[in-house]
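K.L.:
Supplied in structure tokens, the structure appears directly below.
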Amino acid sequence: MAAPERTPALAGPHSLRTEQHVNPLGLGCARPRLSWKLPVEIGGRRVVRQVAWQVRVSGAFDTGRRTGSGSVFVEWPGETLRSRQRASWQVRVWVCVGEEDAVVATGWSDAAVFETGLLARDDWAARWIGYGDEGKTDTPPSPFLRRGFLLEAEPVRARLYAAALGLFEFRMNGEPVHPEVVLAGGWTDFRKRVQSYAFDVTALVRRGENVLGAILADGWYAGYLSCDGKRHIYGGAPALLAQLEIECADGSVVRVVSDGSWEGRTGPIVSADLYHGEHYDARLELAGWCGEAPEETGAKESVHMGRKPLPLPDHGLEARATWRAGRPLTRDQKPEDREQKSEDGSQAVAVGCLSSDFCLLTSELRAGRPRHTEGWTPVDERAWPEGLLIEPRVAEPVRRIGERVTHAVTEPSAGVYIFDFGQNFSGWARLRRAGRRGQRVVLRFGEMLNADGTLYTANLRTARATDAYTFGRDETVEWEPRFTFHGFRYVEVRGLELAAGELPGPDVITGVVVHNDMRETGAFRCSDERVNQLAENIRWSLRSNFLEIPSDCPQRDERLGWSGDIQIFAKTAAFFYDTDAFLTKWMRDLRDGQLADGAFPDLAPTFICGFGNAAWADAGVIVPWVLYRRFGDVSVLEENYAAMCAWMRFQEATSRDGVRPPTVYGDWLALDAVKPEHAPVPSDFVGTAYFARTCAIMARVARLLGHEEDARGFAALDRRVRAAFRREFVTAGGRLAGECQTAYALALAFDLLPPAWRAGAVDRLAGLIGKHGGHLSTGFVGTPLLCPVLSRFGRHDVAMRLLLNDTYPSWLYTVKQGATTLWERWNSFSHEHGFGDAGMNSFNHYAFGAIGEWLIHFVAGIAPGQSAPAYRHIVFRPQPCAGLDRAEAELETPYGQATIAWRVEGRRMEGVLRVPPGAFADFEGGVFSRSQVRPQDGTESWAEAGGERMRLRAGRYVFDGVW
């Protein structure tokens, strides 16, 4: 008998996300927003748009059908969540399909899950602990901390919540707790905020004896920071906050927290510093220190165990049992004090110990003499830092993202070997080598080689950038550092003890690429391989510097979150990667550094430099706006609105009739500058231009958030500032103060000139470029604006000439010199003249990579429209590019993949494009005398004269045009 036919399941929504993440653990908000993407087709018919949705949460609620087209950051449809709550959710939608706009329901999506972290200060029963000399040593050894405990019931679920002032790495019963997360602890303004992590350790906890261990390092908290040779910017020694919560099969809940019952000592990591590197001496290894072997691990005790879990909340979401006062018994407690009340009135009982060896209440403990294994001593319990906010981590963690194999090995001098990875990047090297006890292998990192083939390190300034490994026995080891990172292409290795003339194999050293685990979203390619290399260089500089913060460089004694750099690069970054969560976190760092008068800092987290400087402080307004426009994340505007308004008040209060005062930096590193900060364009010109720009943005932000009175105020201020700009910096004939490329780029990009003056300004800008032999002379402020302005105002030919130049100064000049990342200066190195000024000569600096935005928008021809954020409205604007015969770009938008690809033959362009479901697009054919667009399936077509816009719905299209 034939089996009955099965009806295929309808396609459902996919790519479900809670906040910005996929299945997050330890989420930091009580009303998380939900996002999903629509299927491309249902039953062979293309999906055009969503008209309704339905969300169900397992065991909790079902919204039923709700009318709405939103699928990005949809507000949480249930009750406010509490700490430790876990939810599994699904969504289905009703969509219009085909050309007839028939409405059909999709199938249910696969389930997505999330779990909230510890949302309130009262959720933490743990205490801060540390171990060390409070910074008396130059680069001190890393403390090893541990705590043994007994678990009397079978564990069914366990979570470890942790935070640090510094860096940490946890182990449980000899196994790594978070092998995929590195440099945990991260960097915030530790005087104000620290981020917590949540780890699922269910598979690592066992019934019976357990050991929880942690290794600490100075990190950004206590290590060297910045070029002034100072440590202890925030504190003298690292500290740990840890809370392990275990739910058992018998309904009990066990909590193990950091407190004075832990013990500590130092071990094989004899020094660890972000700038200077890590030294590991395997002769000092602590065998079995965290339960790998039966070594004693200090006093063990059974901890508070509740016999009854807390009731589930009314809305049915799974709530994890917890205790308000769940610390282990203290040394001065009596046995009769062991009963405590849980939140629902049930008793929390400290269960008796299994043997006298592990009993907390031994005579030694009663006498105040805790029992510790030889060599281990009590940790220091530290007070909670006053005013310190602890919150679950927002951004993706730092991870090992990939590996680089060795391209070549050389020996510039006897016993000194250079490993070349063929790519500049951030991370570290993994050593795999046989050695003898006491043999020391030293690895030093650099971005370039000297003419004689030796490692170039002058540009590192005081950063030693050196790792070392000392063998503990005769063996083959595989080792990599834990608590440092470097920016490098080359590794110099000493101490391999090879025979004369013998080269080590390429597998001795492997490069490990490390940065925040952001989702890659965009790509660009064209017919010129030099330009493709430029695009790759932009991507690699982004990856290298988006490590915990958006830094300027990853290699020297700086690596700081300069606000001016990310302000100009944010749009480019948001194309190549999903930077929403990463930059949301950084905006909190920026706010934490904001002064009471509203001035934003030059860098964040801040501890040096100034405040309120034009184009740098303006990141406080521009970066949130970029995130909203790119990702549709209105919460970043809501969260930062008060700080953004404070910055506007500061600008108004410190201006003279709408004109900003001179500030430092200006058009930083302009080629025609007297000093890096003294460019031809006056700094008050730059400040006033940005004042107008931020006024215009704030008027839109205020209106979007419903602050109509503020919107009117910002619009009026915008008009006053623009009038002041024209009065102060524009002559009656339309010439600008400074009369340089950056001046005209700013005035045109920010629409500071009346429409009648713009054509003349564009001509003067093109003329100034011609006077420089068709080259740019701009700095950090002017360079990102130059090509977009030229293309926008009809001089795409000049913009293309700037792109395709390969003589100094230009983007392709650095490519011609062998660059694999963006450089801080156009002439950081040349084959003719060698290295530039070592005092400021980074070979991994993303600022000039802001050209990437123009490559996407004007060369490939895909840009965000103004009608809706998050690329829900897309503009396709292909145009002939002299020197290129094809280009393409693809972008994974919050609605799905948008693509464009075109090629040119003679005076004819043809191409394909895609609009994702739920989005719409305009095709602009203004450069063509004749153009047409039609669906790939040929069902319908549009033909328009050049200059007309064609509105496109979701789908795949082909186009062609003649000019």
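K.L.:
Given H placed 1.01 Å from N in the peptide plane, which residues other than close sequence neighbours of Gly472 have an amide H under 5 Å from its amide H?
P.N.:
Ala282, Arg283, Gly438
K.L.:
On the principal axes of its Cα set, how long, how wide and how thick is segment 400-508? Give whole Å, largest value first.
P.N.:
36, 32, 26
K.L.:
Of all the accessible heavy-atom surface of segment 873-962, with the other protein chains kept in place and a 1.4 Å probe, what percent is carbon and sulfur?
P.N.:
On the way: 1540 of 3780 Å².
Here carbon and sulfur together make up 41 percent of the probe-accessible area.
K.L.:
Ignoring ligands, DNA and RNA, what percent of the 1.4 Å accessible area of segment 522-859 is carbon and sulfur?
P.N.:
53
K.L.:
Around Leu16, under 9 Å between beta carbons, what's the net of Lys plus Arg minus Asp minus Glu among the other residues?
P.N.:
The answer is +1.
K.L.:
What ratio of Cα Rg to 2.2 N^0.38 Å holds for segment 14-116?
P.N.:
Scaled against compact globular proteins, the figure is 1.10.
K.L.:
I'd like the carbon and sulfur percentage of the solvent accessible area for segment 395-475, probe radius 1.4 Å, heavy atoms only, ligands and nucleic acids excluded.
P.N.:
With neighbouring chains kept in place, the figure for segment 395-475 is 46 percent.
K.L.:
Placing +1 on the Cβ of each Lys and Arg and -1 on the Cβ of each Asp and Glu in the chain, which of Gln243, Ala716, Gln651 has its Cα farthest towards the positive end of the resulting dipole?
P.N.:
So the residue furthest toward the plus end is Ala716.
K.L.:
Right, something else. Angle check, please: helix 708-729 long axis (alpha carbons) against the longest principal axis of the chain (alpha carbons), in degrees 0 to 90, nearest 10.
P.N.:
With rounding to tens, the tilt is 60 degrees.
K.L.:
So, with +1 on the Cβ of K and R and -1 on the Cβ of D and E, and no other charges, what is the size of the charge dipole of the chain about its Cα centre, to the nearest 20 debye?
P.N.:
In total the dipole reaches around 1740 debye.
K.L.:
How large is the direction-averaged shadow of the alpha-carbon convex hull of segment 522-859, in nm²?
P.N.:
Directional mean of the projected Cα hull area for segment 522-859 stands at 15.8 nm².
K.L.:
Could the peptides 164-177, 46-59 be put in order, highest first, of the mean number of other beta-carbon atoms found within 10 Å of their residues?
P.N.:
164-177, 46-59
K.L.:
Against the longest principal axis of the chain, how steep is helix 635-653, in degrees 0 to 90 to the nearest 10, with axes from Cα atoms?
P.N.:
60
K.L.:
In addition: For segment 400-508, calculate the relative contact order in percent as a whole number, restricting contacts to Cα pairs under 8 Å that are 6 or more residues apart.
P.N.:
42
K.L.:
Can you list the trypsin sites (Lys or Arg not before Pro) in segment 466-565 that are in a DSSP coil and have 15 or fewer other beta carbons within 10 angstrom?
P.N.:
The qualifying sites are Arg473, Arg519.
K.L.:
Tell me, what is the Rg over Rh of segment 124-270, with Rh the Kirkwood radius over Cα pairs?
P.N.:
Rg/Rh: 1.00.
K.L.:
With mean projected area of the Cα convex hull in nm² defined as stated, name the option among (1) 41.2; (2) 45.3; (3) 52.3 computed from the structure displayed.
P.N.:
Only one listed value fits the structure, namely (2).
K.L.:
Same structure, new question: What are the chymotrypsin sites (Phe, Trp or Tyr not before Pro) within segment 389-490 that DSSP puts in a loop, where the Cβ has at most 16 other Cβ atoms within 10 Å? Could you put the intermediate results ahead of the total?
P.N.:
Details: sites: Tyr417, Phe419, Phe421, Phe425, Trp428, Phe445, Tyr456, Tyr469, Phe471, Trp479, Phe483, Phe485, Phe488, Tyr490; in loops: Phe471, Phe483, Phe485.
Qualifying residues, ordered by number: none.
K.L.:
Okay, helix-only estimate at 222 nm for the chain: each DSSP H run of n ≥ 4 adds -39500 (n - 2.57), divide by all residues, round to 500 deg cm²/dmol; what do you get?
P.N.:
After summing the helix terms and dividing by the residues of the chain, the value is -6000 deg cm²/dmol.
K.L.:
Residue farthest toward the positive end of the dipole of segment 400-508, with Cβ of Lys/Arg at +1 and Asp/Glu at -1: which of Phe419, Gly472, Phe488?
P.N.:
Value computed over the given set: Gly472.
K.L.:
Could you work out how far helix 580-592 tilts from the main Cα principal axis of the chain, as a 0 to 90 degree angle to the nearest 10?
P.N.:
80
K.L.:
Sorting check: for 787-795, 639-647, which peptide has the highest mean count of neighbouring beta carbons within 10 Å, and how do the rest follow?
P.N.:
787-795, 639-647
K.L.:
Note down the net charge around Trp384, summing +1 for each Lys or Arg and -1 for each Asp or Glu among other residues with Cβ under 9 Å from its Cβ.
P.N.:
Surrounding charge for Trp384 is +2.
K.L.:
With every protein chain kept in place and ligands, DNA and RNA left out, what is the accessible area per residue of the chain? Probe 1.4 Å, answer in Å².
P.N.:
About 36 Å² of surface per residue is accessible.
K.L.:
While we're looking at this one, here's another question. Net charge around Ile215, counting only other residues with Cβ within less than 9 Å of its Cβ (Lys, Arg = +1; Asp, Glu = -1)? Working shown, then result.
P.N.:
Working: positive: Arg171, Arg482; negative: Glu169.
Residues near Ile215 contribute +1 overall.
K.L.:
Among 908-916, 68-76, how do they line up from the highest to the lowest mean number of other beta-carbon atoms within 10 Å?
P.N.:
Result, highest mean first: 908-916, 68-76.
K.L.:
Still on this model: Rg/Rh for segment 873-962 to two decimals, with Rh computed the Kirkwood way over all alpha-carbon pairs.
P.N.:
Reported Rg/Rh (Cα atoms, Kirkwood Rh): 0.94.
The values are calculated or read from the model by the stated rules, or taken from the named source; none is laboratory data. None of the values given here were measured: they were computed from a predicted structure. Glycine gets a Cβ as well: all are built from the backbone with ideal geometry, and neighbour counts include every protein chain shown. When the accessible area is computed, the model is the full protein with side chains, heavy atoms only, and any ligands, DNA or RNA have been set aside. Shrake-Rupley method; radii C 1.70, N 1.55, O 1.52, S 1.80 Å.
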